[in-house]
Amino acid sequence: MNLTELNRIATAMVAPGKGILAADESSGTIKKRFDAIGVESTEGNRRDYREMLFRSKEAMSQYISGVILYDETIWQDAKDGTPLVKLIEQSGAIPGIKVDEGTQALPMCPGELVTVGLDKLAERLKKYYERGARFAKWRAVIDIGSGIPSMTAISVNAHALARYAALCQAAQIVPIVEPEVLMDGDHDIDRCYEVTTRVLNKTFQELRVQRVALEGMVLKPNMAISGKKSAKQASVEEVAEKTIRLLKACVPAAVPGIAFLSGGQSDEEATAHLNAMHKLGPLPWGLTFSYGRALQAAPQKAWSGRPENVAAGQNAFSHRARMNGLASKGEWQSSLEKKAA
């Protein structure tokens, strides 16, 4: 393992003013997104859509540090025959790959899930590296509800995340470690804070046990935030303050960077929260975004599957990428959104 090189890539992934585009939706998820805009989810349409994003020169070269790809996408070529990974590299961004294989019900733990995909992961990582991937992603899903999460769910998911991370580093690939505490419930921000603390502490304990070099990874956590159905929605300032307090308590300074998931927040909420965190003084690690829907909802709608709308789709993507790039330096203002509108 060349830790200097892993650290260089991890640091580049969280460079100031840039963040990660999560374009790794499974075939099922992208079908839902395409259904919403009246586009058939064929392999060709999925390729055309992602090619449109990767050819957005302004967004990709100025505000996107890396792109997380789905297995289908990493092997696809653009219409002119250029591999999509090459388009990403040519823009100056780093290609990455989602390697988990989704979730299964966790035995003896009703309503809880465990992420699978460790079998044969070592061989898969070799092939992804040869294709150009320099980082990977694995998502664990922790739900908050009555009597959950259990210690069992937190432990098995943290253990799997750490095993995945060790396999990645052995293959010279930077692991994005993503323990996501979902915001779907009716819990308040303090309950999210408490659960996320437990999840992050257990995850870092497992990472140490499995000898993962913290200098060669990126953390992709949720923010401390109210559940969607909570009657008490926390303000932007409270989300920022509690998230930073939580991360400072749980995330070692050796980690080069933290790239948040948007996790169901609206486009502007995800941007405003990240921006507010950068107002809270110097931080021990790079802090940026790794958004999927919060970067893509606008360009999907603008494009709507029509070749004549490619430029409109790219403009919408560039705008969202720029807004989040500014937020990752604490320079975003809501008035900038209105100007674009």
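As a calculated quantity, the FRET efficiency between LYS232 and LYS339 at R0 = 35 Å, using C-beta atoms, amounts to about 0.60.
A DSSP coil position with no more than 15 other Cβ atoms inside 10 Å describes the following trypsin sites (Lys or Arg not before Pro) in region 231-268: LYS232. Here the simple spin-label model places points 7 Å from the Cα toward Cβ, and for ASP80 and GLU268 these points are separated by 3.8 nm. Calculated FRET efficiency, LEU283 to THR42, Cβ-Cβ distance, R0 = 41 Å: about 0.40 to the nearest 0.05. Charge dipole (Cα centre; +1 on Lys/Arg Cβ, -1 on Asp/Glu Cβ; no other charges) of region 189-341 amounts to roughly 240 debye. Structural descriptor for region 139-186: relative contact order 56 percent, calculated from alpha carbon pairs under 8 angstrom and at least 6 residues apart.
For the chain, the membrane-span-like helix rule (DSSP H, alpha carbon extent of at least 24 Å along the helix axis, mean Kyte-Doolittle at least -0.5) picks out 151-170, 189-209, 310-327; this says nothing about an actual membrane.
Computed from the coordinates by the stated procedures, all read-outs in this text should not be read as laboratory data. Please read all numbers here as calculations on a predicted model, not as lab measurements. No Cβ is skipped: glycine too gets one built from the backbone with ideal geometry, and neighbour counts run over all protein chains shown.
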